[in-house]
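J.: The structure's right below; bear with me while I get my questions together.
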Amino acid sequence: MNYSYWELKEWFSNVDFTIVGSGIVGLNCALTLKKQHPKAKIVILEKGMLPQGASTKNAGFACFGSLSELIDDLSTHSTEEVYNLVDNRWRGLQLLRENLGDQNIDYQQNKGFELCDSEEFFEECISQKKVINDLLNPIFKSDVFSVSDNTFHFKKVHSKYIVNNFEGQIDTGKMAFQLLQKVQKLGVKILNNISVESFVTQDSSMEVKTDKINFKTQKLFIATNGFAKQFVAEEVQPARAQVLITTPIKNLKIKGTFHLDKGYYYFRNIDNRILFGGGRNLDFKTEETAVFGQTPRIQNELEKILKEIILPNTSFEIEHRWSGIMGVGPQKKAIVKQLSDNVFCGVRLGGMGVAIGSLVGKELGELLT
């Protein structure tokens, strides 16, 4: 296809910064760059009709780690690393709320609840509750984790929940829309349905090669998270997360965000429905993929848990199923770094995109300074 003079001039000439990926990281990177360089010409390339990865496909948990997750993290990370992980997640959530406003993203702090499948697991977690609360006290100035009774009447779980008093939830679609609107109002150009195939250094700039057109940019920012392996040599692997949602349920009493099995299963209320996702621990190898889709093994398990544990006395129907692609690795710390003179990346959000995406995007944009 031959583009017109006007198209080439307006969208593909004299480009200062090109961002690959229009998710939460890419959009926050654009906000930061535009704030620091108001006159810069910024183009965002997105291969999907909508943000393709996890930014518009996640469960909308404004979370920073359940008690069992953080205990588990302490076995593979230092105390300082776990503290920094939570601190970054919490700061990222505050930045998200500050940028967009609680009402605009339907932010609600209805608390998080961890369900334990046995007395032994419950006691194991509770034995470390004070240690974790003390560790996080400088961040929250209060105990994060407490215990409450099984007021939601779930079955086949311990009679008490572990409560995260600071966990919240958002509307993921509203978050993405507000971010897109904010960025576009600043004059940032977003091109959808365009895939970056490669990029090469040319003198002091970069040539970006796509499936639609090739053009030059001064600096390139990779913000593709779960799809980053195509572009960077860092330790980041795609991880698919499968999700389903029920039809509206009359008189639904469940309210909050809920975690099962060290966070590998998670559910919440939204619009009188139950949104439920997870299960990749059933088949890590198969779910280490950048291909969207569902598998019978995981979908059947999600429906079984819905029926036997979450909604044991309530009839329900599944209205919709989807999946998102996360970026994970051996360490949970995100990768925000300069790769070469003109190329930068902010990837490996580890399933915590809502929490740290705003902060990672900001840090990515600040690498230029």
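J.: Open to solvent by 20 Å² or more (accessible area, probe 1.4 Å), among the hydrophobic types (A, V, I, L, M, F, W, C), within 30 Å of GLU317 (Cβ to Cβ) and in a strand (DSSP E or B) - does that describe any residue in region 196-207? Outline the logic, then answer.
T.: We begin by selecting, within region 196-207, every residue open to solvent by 20 Å² or more (accessible area, probe 1.4 Å); these are 197-204, 207.
Of the ones still in play, those that are also among the hydrophobic types (A, V, I, L, M, F, W, C) are 199-200.
Checking which are within 30 Å of GLU317 (Cβ to Cβ) leaves us with none.
No; the residues of region 196-207 include none that is open to solvent by 20 Å² or more (accessible area, probe 1.4 Å), among the hydrophobic types (A, V, I, L, M, F, W, C), within 30 Å of GLU317 (Cβ to Cβ) and in a strand (DSSP E or B).
J.: Taking region 88-100 as the region of interest, how many residues are open to solvent by 20 Å² or more (accessible area, probe 1.4 Å) and either touching a residue at least 24 places away in the same chain (Cβ under 8 Å) or among the charged types (D, E, K, R) (or both)? Working first, answer last.
T.: Pass one, region 88-100, residues open to solvent by 20 Å² or more (accessible area, probe 1.4 Å): 88, 90-91, 94-95, 97-99.
Narrowing the set further to residues that are either touching a residue at least 24 places away in the same chain (Cβ under 8 Å) or among the charged types (D, E, K, R) (or both) leaves 88, 90-91, 95, 97-99.
Counting residues in region 88-100 that are open to solvent by 20 Å² or more (accessible area, probe 1.4 Å) and either touching a residue at least 24 places away in the same chain (Cβ under 8 Å) or among the charged types (D, E, K, R) (or both) gives 7.
J.: Moving on to the next point. Take the residues in region 285-318 that are of a type in the set (Val, Ile, Thr) and in contact with a Ser or Thr (Cβ under 8 Å, 6 or more places away or on another chain); name whichever of them is least open to solvent (accessible area, probe 1.4 Å). Step through it out loud before you land on a result.
T.: Just the residues of region 285-318 that are of a type in the set (Val, Ile, Thr), to begin with: 286, 289, 291, 295, 298, 305, 309-310, 314, 318.
Narrowing further to those that are in contact with a Ser or Thr (Cβ under 8 Å, 6 or more places away or on another chain): 286, 295, 318.
On the way: THR286: 62, THR295: 29, ILE318: 45 Å².
The residue in question is THR295.
J.: Could you tell me whether GLN218 is polar (S, T, N, Q), open to solvent by less than 20 Å² (accessible area, probe 1.4 Å), touching a Ser or Thr at 6+ places or on another chain (Cβ under 8 Å) and in contact (Cβ under 8 Å) with a residue 12 or more places away in the chain? Outline the logic, then answer.
T.: Working: polar (S, T, N, Q): yes; open to solvent by less than 20 Å² (accessible area, probe 1.4 Å): no; touching a Ser or Thr at 6+ places or on another chain (Cβ under 8 Å): yes; in contact (Cβ under 8 Å) with a residue 12 or more places away in the chain: yes.
Considered against the rule, which asks whether it is polar (S, T, N, Q), open to solvent by less than 20 Å² (accessible area, probe 1.4 Å), touching a Ser or Thr at 6+ places or on another chain (Cβ under 8 Å) and in contact (Cβ under 8 Å) with a residue 12 or more places away in the chain, GLN218 comes out as no.
J.: Of the numbered conditions (1) in contact with an Asp or Glu (Cβ under 8 Å, 6 or more places away or on another chain); (2) of a type in the set (Val, Ile, Thr); (3) open to solvent by 20 Å² or more (accessible area, probe 1.4 Å), THR210 fails exactly one; give the number of that condition.
T.: (3)
J.: A further question on this structure: Go through region 77-87 and give me each residue that's touching a residue at least 60 places away in the same chain (Cβ under 8 Å) and open to solvent by less than 50 Å² (accessible area, probe 1.4 Å).
T.: Residues of region 77-87 touching a residue at least 60 places away in the same chain (Cβ under 8 Å): 77, 81, 84-85.
HIS77, LEU85, listed by residue number.
J.: Only one of these is aliphatic (A, V, I, L, M), touching a residue at least 12 places away in the same chain (Cβ under 8 Å) and under 24 Å from ASN58 (Cα atoms): VAL196, VAL157. Name it.
T.: Values: VAL157 fails: under 24 Å from ASN58 (Cα atoms).
Just a single option satisfies the conditions, and that option is VAL196.
J.: Could you identify the single residue in VAL131, VAL147, VAL157, VAL183 that is open to solvent by less than 10 Å² (accessible area, probe 1.4 Å) and β-branched (Val, Ile, Thr)?
T.: Numbers: VAL131 fails: open to solvent by less than 10 Å² (accessible area, probe 1.4 Å); VAL147 fails: open to solvent by less than 10 Å² (accessible area, probe 1.4 Å); VAL157 fails: open to solvent by less than 10 Å² (accessible area, probe 1.4 Å).
Result: VAL183 is the single residue among VAL131, VAL147, VAL157, VAL183 that is open to solvent by less than 10 Å² (accessible area, probe 1.4 Å) and β-branched (Val, Ile, Thr).
J.: Any idea which of GLU308, GLU363 is touching a residue at least 12 places away in the same chain (Cβ under 8 Å), touching a strand residue (DSSP E or B) at 6+ places or on another chain (Cβ under 7 Å) and either among the charged types (D, E, K, R) or more than 20 Å from ARG240 (Cα to Cα) (or both)? Break it down stepwise before answering.
T.: Working: GLU308 fails: touching a strand residue (DSSP E or B) at 6+ places or on another chain (Cβ under 7 Å).
Going through GLU308, GLU363 in turn, the sole match is GLU363.
Condition check ((1) modelled with pLDDT under 95; (2) open to solvent by 30 Å² or more (accessible area, probe 1.4 Å); (3) not hydroxyl-bearing (Ser, Thr, Tyr)) across all residues:
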{"position": "GLU10", "(1), (2), (3)": "no, yes, yes"}
{"position": "LEU27", "(1), (2), (3)": "no, no, yes"}
{"position": "LEU33", "(1), (2), (3)": "no, no, yes"}
{"position": "LYS47", "(1), (2), (3)": "no, yes, yes"}
{"position": "GLY53", "(1), (2), (3)": "yes, no, yes"}
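J.: Separate question: Of everything in region 336-369, what is under 20 Å from the mean Cα position of the chain (by Cα) and of a type in the set (Ser, Thr, Tyr)? Give them in sequence order. Spell out how you get there, then give the answer.
T.: Going through region 336-369, the residues under 20 Å from the mean Cα position of the chain (by Cα) turn out to be 336-337, 344-365.
Correct list: SER358 only.
J.: Looking at LEU74, is it within 22 Å of the chain's Cα centre (by Cα), crowded, with 20+ Cβ neighbours inside 10 Å and of a type in the set (A, V, I, L, M)?
T.: no
J.: Out of the residues in region 221-279 that are at positive phi and not in a loop (DSSP other than H, G, I, E, B), which is surrounded by the fewest Cβ atoms within 10 Å (Cβ to Cβ)?
T.: The selected residue is GLY278.
J.: Which members of region 160-188 meet the condition of being of a type in the set (A, V, I, L, M), more than 30 Å from LEU260 (Cα to Cα) and either free of Cβ contacts under 8 Å to residues at least 60 places away in the same chain or not in a helix (DSSP H, G or I) (or both)?
T.: As a first pass, look at region 160-188 and keep what is of a type in the set (A, V, I, L, M): 162-163, 170, 175-176, 179-180, 183, 186, 188.
This time we only want the ones that are more than 30 Å from LEU260 (Cα to Cα), so: 179-180, 183, 186, 188.
LEU186, VAL188, listed by residue number.
Residue by residue, here is whether (1) among the aliphatic types (A, V, I, L, M); (2) closer than 30 Å to TYR161 by Cβ holds:
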| residue | (1), (2) |
| --- | --- |
| ASN14 | no, no |
| VAL25 | yes, no |
| LYS41 | no, no |
| LEU45 | yes, no |
| LEU50 | yes, no |
| GLY53 | no, no |
| ALA62 | yes, yes |
| ASP72 | no, yes |
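Quick grid of which residues meet (1) open to solvent by less than 40 Å² (accessible area, probe 1.4 Å); (2) assigned to a strand (DSSP E or B); (3) modelled with pLDDT of 95 or more:
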residue	(1), (2), (3)
HIS320	no, yes, yes
ILE325	yes, yes, yes
PRO330	no, no, no
LYS333	no, no, no
CYS345	yes, yes, yes
GLY351	no, no, no
ILE356	yes, no, yes
LEU359	yes, no, yes
LYS362	no, no, yes
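J.: Then there's this: Since PRO38 meets every condition but one in (1) surrounded by 24 or more Cβ atoms within 10 Å (Cβ to Cβ); (2) under 30 Å from ASN14 (Cα atoms); (3) at pLDDT 95 or above, which condition does it not meet?
T.: With (1) surrounded by 24 or more Cβ atoms within 10 Å (Cβ to Cβ); (2) under 30 Å from ASN14 (Cα atoms); (3) at pLDDT 95 or above applied to PRO38, the lone miss is (1).
The values are calculated or read from the model by the stated rules, or taken from the named source; none is laboratory data. These numbers were taken from a predicted model, which means no experiment stands behind them. In this analysis, Cβ positions are derived from the backbone assuming ideal geometry, glycine residues included, and neighbour counts consider all displayed protein chains. In case anyone asks, the SASA skips ligands and DNA or RNA and just uses the protein heavy atoms, side chains included. Shrake-Rupley method; radii C 1.70, N 1.55, O 1.52, S 1.80 Å.
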